[in-house]
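One structure below.
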Amino acid sequence: MKWNRKAKMVTVYLFTIIFLVFLNFLLPRLLPGDAILSMYSGQEIIITEQMYNELVILHGLDKPLYEQFLIYLIQLAHGDLGYSYVFHASTTDMILAALPWTMLLVVTSFVLSAIAGIILGVESSWRRGGKFDRSLLVFMLFIDGIPALAIGIIFLSVFSLKFGWFPTAGAMTAYSNAEGIAHIKDVLIHLVLPLSTLTLSQVPGDYLLVRNSMLLTIREPFILTARAKGIKERRIKYFHAARNAFLPFFTRIGIRLTYVLTGVLFIETIFAYPGLGFLTYEAISNRDLPLIQGILVVSVLLVLMVNIIIDLFYKKIDPRIEYAH
Amino acid sequence: MANIKNILIVSFVIFSCIFTPVICAAAENEIRIADKTGDWGHPSPYLAYGRGPGYLRMHFIFDTLVWKNETSDFVPLLAENWEYIAEEEAYVFNLVKNAKWHDGEPITANDIVFTIEYMKEHPYCWVVLDSVDRGEAVDDNTVKIYMSSTYAPFMEDIGGTMPILPEHIWKNIDNPIDYTELDAFIGSGPLKYVDFNKEHGTYRYEAFDEYYLGRPEVDQLIYVKTGDAQMALQRGEVDLASIKPEMAETLTKEGFVVIGGPHYWNKKLMINHNTEPLDNVTFRQALAYAIDQEEFVDKSLRGYGIPASYGLISSESKWASPNVPAYPYNPDKAKEMIESLGYKLNNGMFIKDSEPLEFTVLVSMISVGGQSTPDRDGEILKNQLEKIGIGVDLISLETKIIDQKVINWEFDLAISGHGGIGGDPKIIYDKVIQVPGTKVNPNTARYDKCEELNDLINDLLHEMDPVKRQEVVFEAQNVYARELPAISLYYPTSYYAYNPDAGVDWFYTIGGVSKGIPIPQNKLSLLVLNTNKGDIGDIVSGTQTPMQTENPAQATPLMPFLAVFAIFAAFYIKQYGGNRKQ
């Protein structure tokens, strides 16, 4: 039974991946218009027939669609996500260069917002109806209503332009000659504003989720039992109640990741941060099909990977799942 | 409790590290330019992207034979002097004697001959060499370029645009668009290539000490990618940036020099002149009378622009005809003209044979210099045409889809735009008829119904006598404005601002850099010989007061550190107090 379930899970994921790869190949090609001409139409240059034909052959657009798909699959299997005709570079290289920056931003903000969301959610629900809970709830709902884009612009105007504490853009000072610790400092100081923006836009979601599920948990009889046993308040809060309230939070990590990846697109664009979000923006504005496809494949794989990990670990965190089957 | 103390100490150390100033050794006389896109390709002829900013990244490293100065006159670069020999249909260029490649090799006439051959074999998107037959090295410093047909725009299109390649390097390169080795960046320009970082969108150049026109004024030139270029300029992160028109005054007060760009980009109305009644000249003229250009400028550009000339060539160009027919806003006249074609007004709408007069108008975010610009052109046009009795169905689509629809003639009217209207008048030829052997450009009217116009645009391409050519160009504009294959609407004004203390006085080039790039980054700004700093562009401010720019590296963000520390302290005290009560 156990193996059957695993096999089923693997099959479902495999089919999802194949379907998404196919969709990913097909969708950009369904866009109306000649790919080569649209790539160059905004430019003040003249495309001769000779140049056009060379470009068509170079990008393999002269081959029938099924052949293009086969080539695409073979390349994909080799880790080759294609060649970006706009940026004259391997799409894999471009994505691999951008990915660490996005991961730095996403993972750090993910952890920070989770910590802040959990602590604030637990504390807020524990003081339900009190001054602290009510004001925090109003504040969080207010922040939740502001788009990440607006938060970013406010941060930029206040902390960068007005006070001059942080740089306006980029991931590091270009050609600063900084090395070692100075370089790390430079990177961190560039990280502060995009990270704060992304984190702040994520905290309300985490907070509301934890607060709600805590409110349900603290009514459970085992909390009363724990109190009756004379266990310290903080221990009941975090080890008895929060641990149980944490479950729905954990299952939503996969979904939250997609939100963070979407959020990062806007934030990286405002702060010109050289990650996947900015690359996506560039790819779409230049109609760079291979790059758009490559980014989608990587994003899809990332989200699926996180989902697999959650599926595998969920029963470790909530052993009841194992018994349920 | 020990745990919380530890956390406090660790966070204190971490935050202190983060917020202490980053010490970086800034190079002497370093110029930084902001760019929102960042990556415009490797700064080598075949690798830089085929747009203006891509060409500019490359032009610092690779010199051409001649170059346009601020007032659009050709000044010597690799060619010291030149002449056209009409009998032989050939140009003779005498090269400067002391010119060297960045690797120290001398530049000879053979390099020019080689470049022509190489670019004929490997087409280069900025230069079409169909009009050139061959190049011939007369001696080491003299090259003769034979034409296959007379070609009036030669100096601008080829002489001032074709980057000269070092033969000793490029003769071994079979596939130029894949070649990114270091020697692909060896040129003869005032700056040498140091680095290009695709990921961060940054470029770094350094002065070429042995440059034949003298060492440039700057030691380093750096392009940085910015989110908000203007903010980066105000913060002192960069020295030159494009700015929003509304900010011109504020920046002037802050001590920056703001330069308003010349008007070499036009928004225009594409017309499907293959369908009735748009195939009728009188009807197109009626449309022009019905359109109020001023309203477009006021509402779409918030006043930061000027109405366009109907003759396609920019009204600020030295080629602009003094007597281009104009169509001042006159809705009554427009109605009369439409009625003269058999249309009747019925309930405020024109009808003919019980068919209402209706058009579909395609609109999109038009990309100007790589940036999409939102505007209200579609709505304004709809209101203006409906006011005189023409029904309008406004369709908003993605730019590329509109381009395709225009190419396939699947439209009535479409709002489009392009630059290059301040440079060589050859633009009329390019934008009126379909250039043989090239793919359809969606901004080209493909209008060949007027013999007179066909002859004129053909003549302006081949007339080598400057005075006669000027007459032809004037006449071509007049006929263009009469025939109206498309209707130019307006020219937006773009603004750049720079820090005067950085040591470079940037300027807009009349007609645009090279083939008409309307960006004030002409490499002559970096050279001492630059004598022609005239009155191009509208210098909004010229205050030379020292600016109060704060070096970002020196600004210690003490406040955020204290704030974070205070939060931790508050948390600690709260926890500590709570525990004591228990």
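The values are calculated or read from the model by the stated rules, or taken from the named source; none is laboratory data. Since we're looking at a predicted model, the values are computed, not measured. So basically every Cβ, Gly included, is an ideal-geometry build from the backbone, and we count neighbours across all protein chains shown. Just the protein is used for accessible areas: all its heavy atoms, side chains included, with ligands, DNA and RNA removed. Shrake-Rupley method; radii C 1.70, N 1.55, O 1.52, S 1.80 Å.
Provide a list, ordered by number, of residues in segment B:193-213 showing at least 50 Å² less accessible area with every protein chain present than when their chain is taken on its own, using a 1.4 Å probe.
Residues losing area: B:Lys198, B:Glu199, B:His200, B:Arg204.
Run lengths n ≥ 4 of DSSP H only: what is the helix-derived mean residue ellipticity at 222 nm for chain A, with -39500 (n - 2.57) per run over all residues, to the nearest 500? Walk me through the intermediate numbers first.
On the way: 14 runs with 235 residues, N = 325.
Rounded to the nearest 500, the figure is -24000 deg cm²/dmol.
Please report the spacing between the Cα centers of segment B:212-277 and segment B:492-521 in Å, no decimals.
One Cα centre to the other: 7 Å.
Mind checking which lysines have their Cα closer than 24 Å to the Cα of A:Lys8? Skip sequence neighbours fewer than 8 apart in that chain.
Within reach: A:Lys315, A:Lys316.
Compare each residue of segment A:46-95 in its chain alone against the assembly with all protein chains, and report those whose accessible area goes down by 30 Å² or more; 1.4 Å probe, heavy atoms.
At a threshold of 30 Å² (probe 1.4 Å), the residues of segment A:46-95 that become less exposed are A:Ile46, A:Ile47, A:Thr48, A:Glu49, A:Gln50, A:Met51, A:Leu58, A:Phe87, A:His88.
Put a dot 7 Å past each Cα toward the Cβ at B:Asp219 and B:Asp298; how far apart are the dots in nm?
Between B:Asp298 and B:Asp219, the simple spin-label model gives 5.4 nm.
Contact order normalised by length for segment B:266-492, with contacts defined as Cα pairs under 8 Å and 6 or more residues apart; what percent is it? If you can, show how the numbers build up before the last one.
On the way: 406 pairs, mean separation 79.9, N = 227.
Relative contact order of segment B:266-492: 35 percent.
For segment B:366-456, which GluC sites (Glu not before Pro) are both in a DSSP coil and crowded by at most 14 other Cβ atoms within 10 Å? Display every interim value, and only then the final one.
Working: sites: B:Glu379, B:Glu386, B:Glu398, B:Glu410, B:Glu451, B:Glu452; in loops: B:Glu398, B:Glu410.
Sites meeting the loop and neighbour criteria: B:Glu410.
Using a 7 Å offset from Cα along Cα-Cβ at B:Glu83, what residues in segment B:155-180 end up with backbone N under 20 Å from the label point?
Output list for this probe position: B:155-156, B:159.
What is the sum of charges, Lys and Arg at +1 and Asp and Glu at -1, for the other residues whose Cβ falls under 15 Å from the Cβ of B:Tyr447? Working shown, then result.
Details: positive: B:Lys268, B:Arg284, B:Lys431, B:Arg446, B:Lys449, B:Arg482; negative: B:Asp279, B:Asp430, B:Asp448, B:Glu451, B:Glu452, B:Asp455, B:Glu483.
Here the charged neighbours net out to -1.
Pairs to check: A:Lys185/B:Lys36; A:Lys63/B:Lys405; B:Lys267/B:Lys344; B:Lys192/B:Lys400; A:Lys131/A:Lys232. Give those whose C-alpha atoms are more than 27 Å from each other in this structure. Mind dumping the intermediate values first?
Details: A:Lys185/B:Lys36 24 Å; A:Lys63/B:Lys405 24 Å; B:Lys267/B:Lys344 31 Å; B:Lys192/B:Lys400 37 Å; A:Lys131/A:Lys232 23 Å.
Result: B:Lys267/B:Lys344; B:Lys192/B:Lys400 exceed 27 Å.
For B:Lys352, go through the aspartates and glutamates and keep the ones whose alpha-carbon is under 13 Å away, minus same-chain ones fewer than eight residues off.
Straight-distance partners of B:Lys352: B:Glu276, B:Glu339.
Once each part is reduced to its C-alpha centroid, what is the distance from segment A:3-27 to segment A:127-188 in angstrom?
38
First obtain the Kirkwood hydrodynamic radius of segment B:266-492 from its Cα pairs, then insert it into the Stokes-Einstein equation at 10 °C and 1.306 mPa s, and state the resulting D in µm² per second as a whole number. Intermediate values should be presented prior to the final figure.
Working: Rh = 17.9 Å.
For the chosen part, D equals 89 µm²/s.
Can you give the mean number of other chain Cβ atoms that lie within 10 Å of the Cβ atoms in peptide B:47-55? Can you show the working numbers first?
Details: counts 2, 1, 7, 9, 5, 3, 0, 1, 2.
Mean inter-chain Cβ contacts per residue within 10 Å come to 3.
Straight-line reach from A:Lys229: which aspartates and glutamates have Cα under 20 Å away, leaving out those fewer than 8 places along the same chain?
Qualifying aspartates and glutamates at Cα under 20 Å: A:Glu220.
How big is D, in µm² s⁻¹, for segment A:97-285 by Stokes-Einstein at 37 °C and 0.692 mPa s if Rh is the Kirkwood radius over C-alpha pairs?
Numbers: Rh = 18.2 Å.
It diffuses with D of about 181 µm²/s by this estimate.
Which whole DSSP H helices in chain A pass both tests: a Cα extent of 24 Å or more along the axis and a mean Kyte-Doolittle value no lower than -1.0? Intermediate results must be reported in sequence, preceding the final value.
Values: long enough: A:2-30 (42 Å, 0.91); A:91-126 (49 Å, 1.51); A:180-217 (49 Å, 0.88); A:253-270 (25 Å, 1.58); A:289-317 (41 Å, 1.96).
In chain A, the long hydrophobic H runs are A:2-30, A:91-126, A:180-217, A:253-270, A:289-317.
Which of the listed residues, B:Ser188, B:Pro216, B:Tyr203, is farthest toward the dipole's positive end in segment B:187-227, when Lys, Arg count +1 and Asp, Glu count -1 at the beta-carbon?
B:Tyr203
Too long at a 27 Å Cα-Cα cut-off: which of B:Lys333/B:Lys382; B:Lys268/B:Lys318; B:Lys144/B:Lys426; B:Lys120/B:Lys468; B:Lys198/B:Lys426?
Beyond 27 Å between Cα atoms: B:Lys120/B:Lys468; B:Lys198/B:Lys426.
Using only C-alpha positions, report the orientation-averaged shadow area of the convex hull of segment A:271-325, nm², one decimal. Please list the in-between numbers first.
Values: hull surface 22.5 nm².
Mean orientational projected area (segment A:271-325, Cα hull): 5.6 nm².
Which distance in Å, rounded to a whole number, links the C-alpha centroids of segment A:260-308 and segment B:140-161?
One Cα centre to the other: 46 Å.
With an 8 Å Cα cut-off and a minimum separation of 6 or more residues, compute the relative contact order for segment B:151-211 in percent. Mind showing how you got there, number by number?
On the way: 40 pairs, mean separation 13.4, N = 61.
Computed over segment B:151-211, the figure is 22 percent.
To the nearest 100 Å², how much accessible surface do chains A and B cover up together, summed over both, with a 1.4 Å probe? List each step's numbers first, then the result.
Values: alone 19170 and 26000 Å², together 39570 Å².
The contact between B and A buries close to 5600 Å².
Which residue, B:His273, B:Gln477, B:Tyr304, has the largest displacement toward the positive end of the dipole of segment B:266-492 when charges sit on each Cβ (Lys, Arg +1; Asp, Glu -1)?
B:Tyr304
Non-local amide H neighbours of B:Glu80 (under 5 Å, H modeled in plane, Pro and chain starts lacking H): which ones?
Result for B:Glu80 returns B:Asn94, B:Leu95, B:Val96.
Can you list the residues, at least 5 places off or on another chain, whose amide H is less than 5 Å from the amide H of B:His418, using H built in the peptide plane?
HN-HN under 5 Å from B:His418: B:Asn266, B:Lys268.
By how many nm would the segment from B:Asn330 to B:Leu397 lengthen if fully extended, with 0.36 nm per residue of separation less the alpha-carbon distance? Working shown, then result.
On the way: separation 67, 0.36 × 67 = 24.12 nm, distance 3.03 nm.
Full extension from B:Asn330 to B:Leu397 adds 21.1 nm.
Only Lys, Arg, Asp and Glu count, each charged at its Cβ (+1, +1, -1, -1), so figure out the dipole size of the protein assembly as shown about its Cα centre, rounded to 20 debye. Before the final figure, lay out the partial values.
Details: 76 positive and 103 negative charges, 1606 e Å.
I would put it at about 7720 debye.
According to the square roots a ≥ b ≥ c of the eigenvalues of the Cα gyration tensor, what is the shape class of segment B:167-233, taking rounded for a/c under 1.5, prolate for a/b larger than b/c otherwise, and oblate for the remainder? Please report the intermediate quantities before stating the final value.
Details: a/c = 3.61, a/b = 1.32, b/c = 2.74.
It comes out oblate by the Cα gyration axes.
Assuming 0.890 mPa s and 25 °C, estimate D for the protein assembly as shown with Stokes-Einstein, Rh taken as the Kirkwood radius over Cα pairs, in µm²/s.
Numbers: Rh = 31.1 Å.
Stokes-Einstein gives a translational diffusion coefficient of 79 µm²/s.
Two decimals is fine: what's Rg over Rh for chain A, C-alpha atoms, Kirkwood radius as Rh? Intermediate values should be presented prior to the final figure.
Values: Rg = 24.3 Å, Rh = 23.1 Å.
Computed over Cα atoms, the ratio is 1.05.
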